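The values are calculated or read from the model by the stated rules, or taken from the named source; none is laboratory data. Note that the structure is predicted; figures quoted are calculated from it, not measured. We place every Cβ from the backbone using ideal geometry, glycine too, and count neighbours over all the protein chains shown.
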């Protein structure tokens, strides 16, 4: 059982505490919309029987970690078996032990980025999984909010007026420090709000300022605040992005109509496609922990400190990419060169070009612009190569 008191200010954003887990599971089982989801998963069973089986399966679950290991881990492993050709995790500078980490990663998939990391941490014998930062814009239904809080998620408020948003950011920063240093949990958070549609991953300076918000205004105080979170840059590499054509489609929609915005249905489509689409090989790799090099920034002004910290994290992520033949093919096609031809065969080049055409064929917009869509897809797959090369020359 937990041996700490959770401050009341965290009530609306934190995951469920141990004594709330049972009630949350019961709430989920009685939610009408969740019942329809459950029915679609086991259509051959009467709904009451399906609920009963699920209720029996939750016996002995007393914490969010129990819930993750009993339910989420098997689900994610099933997805990995079905939707990837393999998955690997390299963590050369961190080891399982008493230390807790804030994994700050590029963002490839709305749902799976953190879920796959949890599976990999557990398989690598790390003592616990991660609490997960998730935007409130994705919590479309009440059962989704309940489910993610059972899955150790804490809520990032994004749809507030500026004054309230600043306060919410301060509270979230305090919560993350509390989670690492009092609850002894790991944390996962993306390096920016939303996915980088062109796969050119850049850390938002505003995010780093939020993480250090308890550290006062001086560079020295900011460094100590950042150090307390034990930040580890994490690179997520997909051989194929199942949402690539949806991202290209979105680029054309915004080009053709600058006021176009995604709907809730668009978010759901992206989530479903990201989860169940084919990904090829998936690789996670940690870079050097920030605490090993952050002191080299101590003489900078506060403004320059955060900018250099962001650039340093970017370098660690970019040099930790796993690059695949398709990435190199895309770079050469985009740049109209053969500079990277040693990294792929003619057959792999042909296969990737055929893959591009198959993705463009999935785009559903009036008057699809083939040339534009192809350039967008090439850019998505080429940018990891270009960023990697900028950090290793």
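Can you pull out the residues in the range 93-112 that are buried (at least 22 other Cβ atoms within 10 Å of the Cβ) and out of contact with any helix residue (DSSP H, G or I) (no Cβ under 7 Å at 6 or more places or on another chain)?
Scanning the range 93-112 gives 101, 108.
Would you mind stating whether residue 177 is surrounded by fewer than 16 Cβ atoms within 10 Å (Cβ to Cβ), more than 17 Å from the chain's Cα centre (by Cα), under 21 Å from residue 117 (Cβ atoms) and at pLDDT 90 or above?
Answer is no for this residue.
Can you pull out the residues in the range 337-361 that are over 28 Å from the mean Cα position of the chain (by Cα), free of Cβ contacts under 8 Å to residues at least 24 places away in the same chain and not in a helix (DSSP H, G or I)?
Matches in the range 337-361: 337, 338, 339, 344, 345.
Of the residues in the range 242-265, how many are free of Cβ contacts under 8 Å to residues at least 40 places away in the same chain, under 24 Å from the mean Cα position of the chain (by Cα) and farther than 27 Å from residue 326 by Cα?
Total satisfying the criteria: 4.
If the requirement is being surrounded by fewer than 20 Cβ atoms within 10 Å (Cβ to Cβ) and touching a strand residue (DSSP E or B) at 6+ places or on another chain (Cβ under 8 Å), which of these qualifies: 121, 139?
None of the other options fit; the residue is 139.
Every residue in the range 148-163 that is surrounded by fewer than 21 Cβ atoms within 10 Å (Cβ to Cβ) and over 15 Å from residue 10 (Cα atoms), please.
148, 158, 159, 160, 161, 162, 163
Is one or more of the residues making up the range 224-234 assigned to a helix (DSSP H, G or I) and without any contact (Cβ under 8 Å) to a residue 60 or more places away in the chain?
Yes, the range 224-234 contains a residue that is assigned to a helix (DSSP H, G or I) and without any contact (Cβ under 8 Å) to a residue 60 or more places away in the chain.
Which one of these is under 23 Å from residue 93 (Cβ atoms), touching a helix residue (DSSP H, G or I) at 6+ places or on another chain (Cβ under 8 Å) and either crowded, with 22+ Cβ neighbours inside 10 Å or at pLDDT 90 or above (or both): 211, 207?
That would be 211, the only listed residue that is under 23 Å from residue 93 (Cβ atoms), touching a helix residue (DSSP H, G or I) at 6+ places or on another chain (Cβ under 8 Å) and either crowded, with 22+ Cβ neighbours inside 10 Å or at pLDDT 90 or above (or both).
Residue by residue through the range 278-308, note down the ones that are at negative phi and within 20 Å of the chain's Cα centre (by Cα).
278, 279, 281, 282, 283, 284, 285, 286, 287, 288, 289, 290
Show me the helices (runs of 4 or more DSSP H) entirely contained within the range 62-144 in which 2 or more residues are within 14 Å of residue 185 (Cα to Cα).
So the answer is 64-67, 112-123.
Kindly indicate the residue of the range 365-384 that is at pLDDT 95 or above and either over 18 Å from residue 198 (Cα atoms) or in contact with a strand residue (DSSP E or B) (Cβ under 8 Å, 6 or more places away or on another chain) (or both) and also surrounded by the most Cβ atoms within 10 Å (Cβ to Cβ) among those meeting that condition.
The qualifying residue surrounded by the most Cβ atoms within 10 Å (Cβ to Cβ) is 384.
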